[in-house]
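The values are calculated or read from the model by the stated rules, or taken from the named source; none is laboratory data. Everything numeric here is computed off the predicted structure, so don't read it as measured data. Virtual Cβ from ideal backbone geometry, glycine too; neighbours counted across all protein chains shown. Side chains are part of the model used for accessible areas, which takes the heavy atoms of the whole protein and leaves out ligands, DNA and RNA. Shrake-Rupley method; radii C 1.70, N 1.55, O 1.52, S 1.80 Å.
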There are 2 protein chains.
Amino acid sequence: MAVNLPPMGDLLPIDGLSIGAAKAGVKYADRLDLAVMVLDAGGVTGGVFTKSAFAAAPVVLARQRVGAARALVVNSGNANAATGERGLADARATCAHVATVLGVQESEVLPFSTGVIGEFLDMDAMRRGVDAAAVAVSPSGWADAAHAIMTTDTAPKALSRSATVGGVPIRATGMVKGSGMIRPDMATLLAFLGTDAAVSADVAATLARDLAERSFNRVTIDGDTSTNDSFVVMATGKAGGRVVDDTASSAYRELRDALAPVVVELAERTARDGEGATKFMTVRVEQGASAPECLEVAFTIAHSPLIKTAVFAGDPNWGRFCMAIGRAHVADLDPGAVDLYLDDVCVARGGLMADEYTEEAGAAVMARDEFTVRVLLGRGDASETVWTSDLSYDYVRINAEYRT
Amino acid sequence: MAVNLPPMGDLLPIDGLSIGAAKAGVKYADRLDLAVMVLDAGGVTGGVFTKSAFAAAPVVLARQRVGAARALVVNSGNANAATGERGLADARATCAHVATVLGVQESEVLPFSTGVIGEFLDMDAMRRGVDAAAVAVSPSGWADAAHAIMTTDTAPKALSRSATVGGVPIRATGMVKGSGMIRPDMATLLAFLGTDAAVSADVAATLARDLAERSFNRVTIDGDTSTNDSFVVMATGKAGGRVVDDTASSAYRELRDALAPVVVELAERTARDGEGATKFMTVRVEQGASAPECLEVAFTIAHSPLIKTAVFAGDPNWGRFCMAIGRAHVADLDPGAVDLYLDDVCVARGGLMADEYTEEAGAAVMARDEFTVRVLLGRGDASETVWTSDLSYDYVRINAEYRT
């Protein structure tokens, strides 16, 4: 159940970054479930993390330590969330073990966990996994790691891109699992982007925020947010060239814009692999007075269970779109200025059904595996895009039966 | 598919208020689908209406006219929403016809519609229905009207209560259909409360707001809000006694508290009759620093598709509750201070699983038709309660297949 999800394809090694995966047996038997990533000296990291008040133990540590980390350790099967002081001690002990094995400082190791909430980590399994993953590290370990971080994802999600930035050829490889809380208590969005571009630690932090804002923060499956969501940028600097150390510079914008397509594509893939997804929907809101109001309308549409069930049914029930646009918190919105399109079919113009619109034309668009809903607010020049999937019987089945 | 929904029981006539229903054939064949309510001279009305920017034509008129209305007209089957100028003209023409038939001014008639969005009213059917309903008016017309306003509700929802306020015996009878957008494009919450208590027009307006805030604004099925949501209080004054004309008075508080149980019960019944509902869940948040933060946590839980599917499955997946509490927008929430109960079973204490908690005990509570989730935030004295239902296969089926 995934909508046109592309295979990973060839993943480019990133010079200065080695990755290893192992079957630790944290929860799953006989599958890769732990990965270690190691940066050569001189690499920098930047990250963004869940805003949940119930942030998991690994998130608490990773948030403090991100910046000049030398190693990352990720496990699936157990989120180490809602585990209190013991959870924090377990996350620290995991980092200490990684530090010993790899010869770095404990404070230079970032932990990440995804899986069941409220259970304690099997520390013997974690240590065994770290030992095995450390032996396996190589620049070509991305594909194994993309498998290791999966929970109920139907397929690994990773891709690479090359670009030339400031006259210097650079590479980027990224991987992601989950999509917000699309995967209930086995949930979490974890995303990692490696690049050989040269940036300062401060710039890496801004880069992570800016890239997440354009990509992972534009995807929603069911509006829920996990205790463990994390996105980390790892920049090794091995591509050479001048170090980007100013986020106000054109060099920064050029680099950001070169990396954005990788994370946008990863974000779209999480929606394509959304829980029970049978449709992939792009929601584009244009002619808004501001970007925030465009996002408000787009997310109200993308979160609406009534629209998501209509999308599942392929039913061009445009009243539901009016309902969602109407209840979005946009001050002084004039319904008489709103146009609505399904792909190239104009459904409503000026808040009323378009004269030329037919149910058949709307149904033909909504029968497609993927389509775009376009809303024109008629009050400005701002526009925003978000991605989502439908709400199917399988969404209910997966979430209702997950633990039974 | 409704959870322990009580029958209407005996509905008390309200002196000074006559009600008639008819089979207008607006959309449904051979069922009651139109109701007229008439107040004797001296009656007052107060109302609250949807905040949707796409408010339907009848809502636009009713909102302007509420206060000293003499008659109400309600149809099901067509929402007269997203119908532009023609929709407004149709709503005005309906009111004009009611005014002629009943001998009141057009501006004294409030229109209400619920049903499909984006289609024009069949005005011949509306006029025929008004004619027939006007002939049928009587003080005992509540039960017929409760049927007439239904769309896909599984049963009519109405009840009566008697009380003594300021030494004067009063009566109240109320009816409701739908629950927020639980009923997709046949959606809308419409609620009407009649009482023979004596209040000023200003007080009726505040009373409608205060009662809605305690009842209908505390119910959610899927978080969507309709284009037509309306709640109107009709007070005839026939009970006699001193007219309540000051919302700061103890007489006002006494009246409000006497009427509140009627609307709270009506609101609960809309959740019990929620779309595809198999469970009725009360979410109570206590020990908050403020009422708004309690409501934020309660609604975040009540809206979460992950929790609602777990409730459907009867799965005491307490990590999902932590997730929802964590992502609610509550500044500086300390997870270590949060306790969680399912009915009388303590699931988590101080943000961690309670020592005495067992899955069996949690599962036993969630196997019940109805139960209460209690969250103690450990940071104050405020508390709030909301009501909701689960997210079942039938929710998806009803919403996906509704128009096909």
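Say whether the condition of being charged (D, E, K, R), touching a residue at least 12 places away in the same chain (Cβ under 8 Å), more than 15 Å from B:Ser389 (Cβ to Cβ) and open to solvent by 10 Å² or more (accessible area, probe 1.4 Å) is met by at least one residue in segment B:255-267. Yes. Need pairs with beta-carbon distance below 6 Å; first residue closer than 20 Å to A:Ala24 by Cα and within segment A:142-166, second open to solvent by 30 Å² or more (accessible area, probe 1.4 Å); sequence gap 6+ or separate chains. Going by the 6 Å Cβ cut-off, the qualifying pairs are A:Trp142/A:Leu11; A:Ala143/A:Leu11; A:Asp144/A:Leu32; A:His147/A:Leu32; A:Ala148/A:Leu32; A:Ala155/A:Leu5; A:Pro156/A:Met8; A:Pro156/A:His147. Any chance segment B:285-304 includes a residue that's touching a residue at least 60 places away in the same chain (Cβ under 8 Å) and either touching a Pro at 6+ places or on another chain (Cβ under 6 Å) or acidic (Asp, Glu) (or both)? Yes, segment B:285-304 contains at least one residue that is touching a residue at least 60 places away in the same chain (Cβ under 8 Å) and either touching a Pro at 6+ places or on another chain (Cβ under 6 Å) or acidic (Asp, Glu) (or both).
Comparison of A:Asp339, A:Asp343, A:Asp355, A:Asp369 shows that the only residue that is under 25 Å from A:Leu266 (Cα atoms), more than 10 Å from every other protein chain (Cβ to nearest Cβ) and without any contact (Cβ under 8 Å) to a residue 60 or more places away in the chain is A:Asp343. Do we find a residue being within 14 Å of another protein chain (Cβ to nearest Cβ), among the acidic types (Asp, Glu), within 21 Å of B:Ala81 (Cα to Cα) and open to solvent by 30 Å² or more (accessible area, probe 1.4 Å) anywhere in segment B:110-127? Yes. For B:Ala148, are the conditions met, namely being open to solvent by less than 20 Å² (accessible area, probe 1.4 Å), of a type in the set (A, V, I, L, M), under 22 Å from B:Gly276 (Cβ atoms) and in contact with a Leu (Cβ under 9 Å, 6 or more places away or on another chain)? No. Can you find a residue in segment A:244-252 that is open to solvent by 60 Å² or more (accessible area, probe 1.4 Å) and closer than 16 Å to A:Ala172 by Cβ? No, segment A:244-252 contains no residue that is open to solvent by 60 Å² or more (accessible area, probe 1.4 Å) and closer than 16 Å to A:Ala172 by Cβ. Only a single criterion out of (1) at pLDDT 95 or above; (2) surrounded by 19 or more Cβ atoms within 10 Å (Cβ to Cβ) is not satisfied by B:Gln105, namely (2). Of the residues A:Ala163, A:Ala93, A:Ala155, the single one that is at pLDDT below 95 and either in a helix (DSSP H, G or I) or open to solvent by 10 Å² or more (accessible area, probe 1.4 Å) (or both) is A:Ala155. If you check A:Ala29, A:Ala21, A:Ala57 for being of a type in the set (A, V, I, L, M, F, W, C) and open to solvent by 50 Å² or more (accessible area, probe 1.4 Å), only one passes: A:Ala29. Being among the hydroxyl-bearing types (Ser, Thr, Tyr), more than 16 Å from A:Leu342 (Cα to Cα) and more than 9 Å from chain B (Cβ to nearest Cβ), is that true of even one residue in segment A:279-296? Checking segment A:279-296: at least one residue is among the hydroxyl-bearing types (Ser, Thr, Tyr), more than 16 Å from A:Leu342 (Cα to Cα) and more than 9 Å from chain B (Cβ to nearest Cβ). Meeting the requirement of 2 or more residues that are charged (D, E, K, R) and modelled with pLDDT under 90, the helices (runs of 4 or more DSSP H) wholly within segment B:238-357 are B:318-327. Residues that are more than 14 Å from chain B (Cβ to nearest Cβ) and either open to solvent by less than 10 Å² (accessible area, probe 1.4 Å) or not polar (S, T, N, Q) (or both) within segment A:372-404 comprise A:Val373, A:Arg374, A:Leu376, A:Gly380, A:Asp381, A:Ala382, A:Glu384, A:Val386, A:Trp387, listed in sequence order.
Per-residue answers, yes or no, for (1) in contact with an Asp or Glu (Cβ under 8 Å, 6 or more places away or on another chain); (2) modelled with pLDDT of 95 or more; (3) within 18 Å of A:Thr300 (Cβ to Cβ):
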{"residue": "A:Ala364", "(1), (2), (3)": "no, yes, no"}
{"residue": "A:Val373", "(1), (2), (3)": "no, yes, yes"}
{"residue": "A:Gly378", "(1), (2), (3)": "yes, yes, yes"}
{"residue": "A:Thr388", "(1), (2), (3)": "no, no, yes"}
{"residue": "A:Val396", "(1), (2), (3)": "no, no, no"}
{"residue": "A:Asn399", "(1), (2), (3)": "yes, no, no"}
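Within segment B:315-335, residues that are more than 8 Å from chain A (Cβ to nearest Cβ) sit with their Cβ atoms under 7 Å from residues that are open to solvent by 30 Å² or more (accessible area, probe 1.4 Å) and at pLDDT 85 or above, at 6+ positions apart or across chains, in these pairs: B:Pro316/B:Glu359; B:Pro316/B:Ala363; B:His329/B:Glu296. When A:Ala271 is tested against (1) surrounded by 23 or more Cβ atoms within 10 Å (Cβ to Cβ); (2) within 14 Å of chain B (Cβ to nearest Cβ); (3) of a type outside the set (S, T, N, Q), just one condition goes unmet, and that condition is (2).
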